[in-house]
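Data block below; observations after.
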Amino acid sequence: MATRGVMVALLLAAVAASCATAQLQEKFYSESCPSVEEVVRKEMVRALSLAPSLAAPLLRMHFHDCFVRGCDGSVLLDSANKTAEKDALPNQTLRGFDFVERVKAAVEKACPDTVSCADVLTLIARDAVWLSKGPFWEVPLGRRDGSVSISNETDALPPPTANITVLTQLFAAKNLDIKDLVVLSAAHTIGTSHCFSFSDRLYNFTGRVNPSDIDPTLEPFYMAKLKSKCASLNDNTTLVEMDPGSFKTFDLDYFKLVSKRRGLFHSDGALLTNAFTRAYIQRHATGAFKDEFFGDFAVSMVKMGNTDVLTGSQGEIRKKCSVVNH
């Protein structure tokens with residue numbers, strides 16, 4: 001653990017300058033709310049002890065927040081006319097909003113009007129990884145909450161159907177490079193997915209809508225297993241483990257699966273079509289470089305968490321994460 005901590009600390013130094021520029025600091029609340037991380041972690045430990053499968057949705061929510069308008073908590077906002085980010089198709093399968101509100105309420109009780117929902121969500125995401133046996137890292141804090149949330153801006157989210165060109169473009173738009181792409185994709189080591197996010201690979205790969213219209217890049221035995229779970233293109237309810245056998249544990253099995261052409265999504269398989277991402281996958285599919293990957297993941301998470309943040313006098317500190325202050 002000590003070795004991993006030292007390694008992560010050294011790697012995080014590479015992104016420290018950018019965080020400083022954005023006015024984010026690891027000890028941002030050291031005086032105004034020194035207990036914030038303890039409060040968040042207490043809620044996370046309690047929740048995940050009862051429902052460990054909640055970790056992946058909470059991590060995913062942070063991703064979806066950062067890729068649209070930056071990490072400003074806009075994914076958490078409600079809209080009376082259903083035009084907010086959470087109402088858009090890519091976000092309709094997000095879950096954990098009530099839990100985020102519960103954590104925010106606990107933070108408000110400890111430190112009223114001090115900690116943003118954007119920071120609460122970022123800390124939740126870190127602890128979701130760590131409590132799933134993944135890496136721990138210090139989170140730069142000081143984000144402010146945005147007041148705008150628009151459903152059609154979710155076009156900025158990398159879809160599960162994307163090829164490597166689209167993926168690299170969408171990540172580059174957030175100042176994330178191709179290494180960040182392959183590293184952060186490994187978040188698929190925890191969690192589940194609905195069949196409709198990948199069933200076109202099983203029944204409608206070229207638009208012919210029949211059982212033989214399959215994605216030839218998907219390993220045949222894995223495809224057969226998926227077909228046994230997802231009976232048709234119309235299956236909108238069945239959930240499938242993204243990392244079968246260890247979908248509640250943050251580990252390197254994702255790389256082993258993708259290297260064997262058993263990545264669940266188009267976007268997973270697409271990582272084998274680029275020399276750099278393929279080499280990274282093959283290296284970590286060996287399982288011999290766990291500390292290296294954990295360090296890389298920590299660095300990329302901090303980098304993503306610094307995306308287009310509001311700081312200083314920008315934005316606000318919401319009392320409730322689902323509504324702007326009045």
Cα gyration tensor shape of the stretch 252-308, rounded if a/c is under 1.5, else prolate or oblate by comparing a/b with b/c: oblate
Lys, Arg +1 and Asp, Glu -1 on Cβ, resulting dipole of the stretch 66-128 about Cα centre, debye, nearest 20: 140
Accessible area expressed per residue, the stretch 86-126, with surrounding protein chains retained (probe 1.4 Å, Å²): 36
Interchain or long-range residues, amide H under 5 Å from Ile150's placed H: Glu85
For the stretch 50-57, Karplus couplings with θ = phi - 60° (6.51, -1.76, 1.60), whole Hz, Gly/Pro x: 8, 9, x, 6, 6, 4, 4, x
Distance histogram for the chain (every C-alpha pair counted, 10 angstrom bins, percent rounded to whole numbers): 6, 26, 36, 23, 8, 1, 0
Square roots of five times the Cα gyration tensor eigenvalues for the stretch 32-189, Å: 25, 19, 15
Viscosity 1.306 mPa s, 10 °C: Kirkwood-radius Stokes-Einstein D of the stretch 161-236 over Cα pairs, µm²/s: 113
Order by protection proxy (mean Cβ within 10 Å, highest first), peptides 93-104, 301-312: 301-312, 93-104
For peptides 248-257, 151-160, 175-184, sequence by mean Cβ density within 10 Å, most packed first: 248-257, 175-184, 151-160
GNM result for the chain, Cα springs below 10 Å: residue of Gln314, Gln25, Gln169 fluctuating most strongly: Gln314
Residue with peak Gaussian network fluctuation, the chain [Cα springs, cutoff 10 Å], from Ala173, Ala285, Ala128: Ala173
Check: the stretch 86-170 dipole with +1 on Lys, Arg Cβ and -1 on Asp, Glu Cβ, in debye: 240
Whole-Å distance, taken between Cα centres, linking the stretch 126-154 and the stretch 225-266: 24
Choice from Leu239, Leu121, Leu271 showing the highest fluctuation, given a GNM over the chain with Cα pairs closer than 10 Å: Leu239
The stretch 34-127: translational diffusion in µm²/s, Stokes-Einstein, Kirkwood Rh over Cα pairs, 20 °C, 1.002 mPa s: 159
Projected area averaged over orientations for the stretch 98-238, convex hull of C-alpha atoms, nm²: 11.6
Gyration tensor verdict on the stretch 175-326 (Cα atoms; rounded if a/c is under 1.5, prolate if a/b is larger than b/c, oblate otherwise): oblate
Furthest towards positive pole of dipole, Val103, Leu77, Pro244, structure part the chain, Cβ charges: Pro244
Magnitude of the charge dipole, the chain, Cβ model with Lys/Arg +1 and Asp/Glu -1, debye to 20: 680
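The values are calculated or read from the model by the stated rules, or taken from the named source; none is laboratory data. On a predicted model such as this, the values are computed, not experimentally measured, just so you know. With ideal geometry, Cβ positions are generated from the backbone for all residues, glycine too; neighbour counts draw on all protein chains shown. Keep in mind that these areas ignore ligands, DNA and RNA; they rest on the heavy atoms of the full protein, side chains included. Shrake-Rupley method; radii C 1.70, N 1.55, O 1.52, S 1.80 Å.
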